[in-house]
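Chemist: Have a look at the structure that comes next, please.
Read-outs throughout are calculated quantities, based only on the coordinates presented, and are distinct from any laboratory measurement. None of these values were measured; they are calculated from a predicted model. Please note: Cβ atoms are built from the backbone with ideal geometry, for glycine as well, and neighbour counts cover all protein chains shown.
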Amino acid sequence: MGVQIEVDEAILPEIDQLAKDSQKSRYQLVNEILLKGLRKQSVEDKIRKFQESYQRFPQTSEEIQEQSEWEENQDWGDEW
C-alpha cells in the first residue's frame, strides 16, 4: 500500500540526483530518508526524556560518590 505525498519542487532535482547516485528509486530513497528521520527523532526523544528525568530526580550526593568510586575502579582499556 502506498501514500502519495507532495514534495517541494525546489528539492525534487536533489532527490532525483541522490536517487540516481545511490542507484535507488525515488520511492526507495524517500522511504530511507523518512526511516532515518524517524529513528533520529526517536533517539532524540529518548535522550530528552532521560535528561528531563534527571532534572526532576537529580542524583543524590551518595549516588554521585558511588558512581565516582565505581568509575575509578574500572579498567577502561585506554591506559597503558
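Chemist: Can you tell me which of (1) surrounded by 10 or more Cβ atoms within 10 Å (Cβ to Cβ); (2) among the β-branched types (Val, Ile, Thr); (3) more than 19 Å from the chain's Cα centre (by Cα) is the one Thr60 doesn't meet?
Modeler: If we test Thr60 against (1) surrounded by 10 or more Cβ atoms within 10 Å (Cβ to Cβ); (2) among the β-branched types (Val, Ile, Thr); (3) more than 19 Å from the chain's Cα centre (by Cα), just (1) comes out false.
Chemist: Next up: Just the residues that are surrounded by 11 or more Cβ atoms within 10 Å (Cβ to Cβ), assigned to a helix (DSSP H, G or I) and of a type outside the set (S, T, N, Q), please, taken from the range 15-36.
Modeler: Selection gives Ile15, Asp16, Leu18, Ala19, Lys20, Arg26, Leu29, Val30, Glu32, Ile33, Leu34.
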